[in-house]
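Heads up, the thing below is written out as structure tokens.
The values are calculated or read from the model by the stated rules, or taken from the named source; none is laboratory data. Predicted, not measured: the structure shown is a model, and the values here were computed from it. Neighbour counts run over all protein chains shown; Cβ positions are idealised from the backbone, glycine included. Only protein heavy atoms, including side chains, enter the accessible area calculation; ligands, DNA and RNA are left aside. Shrake-Rupley method; radii C 1.70, N 1.55, O 1.52, S 1.80 Å.
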Amino acid sequence: MIKFFRKIRFELMEKNNTAKYFKYAIGEIILVVIGILIALSINNWNESRKVENKKQELILNLISDFEENIEILKSAISRSDSLNYKMNTFFDNAYLSNPKISVDSLRLLSDGFFRPVSFFPIMVSYEEAMANGNLTILKDKELSKDFIKFQERYKFFGNIQDQLRDSYFKGPIWELNKTIGSISLLTGKNSRKDIQQDYDSYLKLINTPLATATLENSLTINRNTNFTLKRLDFISKKIVATLKELKK
């Protein structure tokens, strides 16, 4: 093809046909420009296709991770709901003048005050995308906001867990354990078999200011935990819904 155009150019030059030569030159330039534009368009299309493929792969990975997080949250929320039920049932029955349940039942319920609820989200795809800058290819402001909300809410969840951990090792639970000798006097877990408590002695134990404060503190922590887990669940489901709308 190049030889063909070169031959035409030489023939026009030899015939000294300047007008036709210039027309030919302009036409050749136009063809070259068109060729360059076509090549650029093909290159841009290939690049766009690569970016879109990368975007779709990221979307699928994020959906997979957050759907798994939703399942993990479902279990954590169920555990927190169960603990919340035990704590509230304990308070509803522990201070009655005419007890409706036994001390052993109260002990079983009180165990809920000393049980943590954990949640460790799967964020591999998100963190990798953040690290290599691929998260920007999603181009969705609401999705970006939801990712930030999830991170902030999970950080808050971590702070709540820190409060419970501190309570165990240097806070109310720690102080109560030292004061009464063992938390098992409340829960009946691993307690000495020779220790027997009637309702009055158990009521006297849980009515001490330290015991009351400890139990109420644990209830508050679990309520905050429960609320935060449900917010994380809501945000996760919203993220998955948005990602599915972006999926092709």
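Looking only at the stretch 66-88, decide whether some residue is open to solvent by 20 Å² or more (accessible area, probe 1.4 Å) and more than 29 Å from Ser218 (Cα to Cα). There is at least one residue in the stretch 66-88 that is open to solvent by 20 Å² or more (accessible area, probe 1.4 Å) and more than 29 Å from Ser218 (Cα to Cα).
There is no residue in the stretch 231-242 that is open to solvent by 30 Å² or more (accessible area, probe 1.4 Å), at pLDDT 95 or above, in a helix (DSSP H, G or I) and touching a Ser or Thr at 6+ places or on another chain (Cβ under 9 Å).
Of the numbered criteria (1) modelled with pLDDT of 95 or more; (2) part of a helix (DSSP H, G or I), the one Phe120 fails is (2). Restricted to the stretch 99-117, and to residues there that are part of a helix (DSSP H, G or I) and among the polar types (S, T, N, Q), the residue that is modelled with the lowest pLDDT is Ser105. Does the stretch 179-186 contain at least one residue that is part of a helix (DSSP H, G or I), in contact (Cβ under 8 Å) with a residue 60 or more places away in the chain, more than 30 Å from Leu246 (Cα to Cα) and over 17 Å from the mean Cα position of the chain (by Cα)? Among the residues of the stretch 179-186, at least one is part of a helix (DSSP H, G or I), in contact (Cβ under 8 Å) with a residue 60 or more places away in the chain, more than 30 Å from Leu246 (Cα to Cα) and over 17 Å from the mean Cα position of the chain (by Cα), which makes the answer yes.
Taken together, Leu135, Leu210 contain a single residue that is open to solvent by 50 Å² or more (accessible area, probe 1.4 Å), at pLDDT below 95 and not basic (Lys, Arg), which is Leu210. Evaluate the following for Lys155: is it open to solvent by 90 Å² or more (accessible area, probe 1.4 Å), at pLDDT 90 or above and touching a helix residue (DSSP H, G or I) at 6+ places or on another chain (Cβ under 6 Å)? Criteria not met by Lys155.
Condition check ((1) under 30 Å from Phe114 (Cβ atoms); (2) part of a helix (DSSP H, G or I); (3) over 34 Å from the mean Cα position of the chain (by Cα); (4) modelled with pLDDT of 80 or more) across all residues:
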{"site": "Gly35", "(1), (2), (3), (4)": "no, yes, yes, no"}
{"site": "Asn53", "(1), (2), (3), (4)": "no, yes, no, yes"}
{"site": "Ile59", "(1), (2), (3), (4)": "no, yes, no, yes"}
{"site": "Leu73", "(1), (2), (3), (4)": "yes, yes, no, yes"}
{"site": "Ser78", "(1), (2), (3), (4)": "yes, yes, no, yes"}
{"site": "Met87", "(1), (2), (3), (4)": "yes, yes, no, yes"}
{"site": "Asp92", "(1), (2), (3), (4)": "yes, yes, yes, yes"}
{"site": "Ser97", "(1), (2), (3), (4)": "yes, no, yes, no"}
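Output yes when any residue across the stretch 71-79 is touching a residue at least 40 places away in the same chain (Cβ under 8 Å) and within 17 Å of Asn207 (Cβ to Cβ), and no when none is. No, there is no match, as no residue in the stretch 71-79 is touching a residue at least 40 places away in the same chain (Cβ under 8 Å) and within 17 Å of Asn207 (Cβ to Cβ). Checking each residue in the stretch 99-113 for being open to solvent by 60 Å² or more (accessible area, probe 1.4 Å) and within 35 Å of the chain's Cα centre (by Cα) picks out only Leu108.
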